[in-house]
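Q: Take this structure first; my questions come after.
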Amino acid sequence: MSAPERQAITRRALAIGAATGIYGISFGVLSVAAGLSPAQTCAMSLLVFTGASQFATVGVIAAGGSAAAALAPALLLAARNGVYGLSLVPVLRGRPASRALQAQLVIDESTAMARAQDDPAAAHHAFLATGLSVFLFWNLGTLAGAIAGSGLGDPRRLGLDAMFPAAFLALLAPQLRRPGAPVAAVSGALLATALVPFTQVGVPILFSAFGVIPGLIVLRRAQVAA
């Protein structure tokens, strides 16, 4: 890998990290508004470090759900990182302890950057640069949002309660380009909406995952037709 290529990858990684930090600010604000302390909010970003799961957890708590109800959808969303890890086995390097440490940076952004490189050295650099950049900016954003959120008062007065669904829509939108994804999204939304009047907070989100079944059926039919 040449020096210009390394510099280009690093610049892209920093840009991705800075953009992710904006989400970190919104997470910090919303987490404090949901009742978590700034210390708890920052600890979640440091130790959990997966934005979708964090937003899901805080969203359920903000809606009145228990920690147990928030845990299920958070774990479901985090499970995809395990699948990413399998695809990144050739990218991670070093002794088992070093590889285990690097695996803490397996997220959407670092995986996408690594898989976009053809050269193994470039893939490893892209993975580390992106993972570390996102980790740094995400936690800085969380800290800034938590400090700011503690002095905002009622978030509904400022319309910040709408940021939860807006954040999830932003995470969902890029995935809708995949075959079967729109069907899965609509099916999951309908299932969750139907369960809202009859179940506790957090349960509809968990069961909405079954919307993937009709999405897979559509995907399989498209593959057969092709």
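FYI, it's all coordinate maths here, none of it is from the lab. Keep in mind that this is a model prediction, so the values were computed, not measured. Here Cβ is always computed from backbone atoms with ideal geometry, including for glycine, and neighbour counts include all displayed protein chains.
Q: Rounded, prolate or oblate, given the Cα gyration tensor of the stretch 178-226, with a/c below 1.5 counting as rounded? Mind dumping the intermediate values first?
A: Working: a/c = 3.91, a/b = 3.67, b/c = 1.06.
Prolate is the answer for the stretch 178-226, as a/c is 1.5 or above and a/b outweighs b/c.
Q: Moving on. Cut-off is 10 Å between beta-carbons; in what order do T193, T199, T41, T20 appear when sorted fewest neighbours first? Spell out each step's value before the answer.
A: On the way: T193 11, T199 15, T41 26, T20 21.
Ordered by Cβ neighbours within 10 Å, fewest first: T193, T199, T20, T41.
Q: Next up: With each label point set 7 Å from Cα along the Cα-Cβ vector, what nm distance links A15 and T193?
A: It works out to 3.7 nm between the two label points.
Q: Now, a different point. Just from its helices, what would the mean residue ellipticity at 222 nm be for the chain, if runs of 4 or more DSSP H residues each count -39500 (n - 2.57) and the sum is divided by every residue, rounded to the nearest 500 deg cm²/dmol? Walk me through the numbers on the way to the answer.
A: Numbers: 12 runs with 162 residues, N = 226.
Result for the chain, helices only: -23000 deg cm²/dmol.
Q: Within the chain, which DSSP H helices have Cα atoms that stretch 24 Å or more along the helix axis and a mean Kyte-Doolittle hydropathy of at least 0.5? Let's see the in-between values first.
A: On the way: long enough: 3-33 (45 Å, 0.69); 120-149 (42 Å, 1.14).
Those that pass (Cα extent of 24 Å or more, hydropathy at least 0.5) are 3-33, 120-149.
Q: 7 Å from Cα along Cα→Cβ at both F207 and L75: what's the point-to-point distance in nm?
A: In this crude spin-label approximation the distance works out to 1.9 nm.
Q: Follow-up question, since we're still on this one. When N counts the residues of the chain, how does its alpha-carbon radius of gyration compare numerically with 2.2 N^0.38 Å, as a ratio?
A: Numbers: Rg = 18.9 Å, N = 226, 2.2 N^0.38 = 17.3 Å.
In units of the 2.2 N^0.38 Å rule of thumb, it is 1.09.
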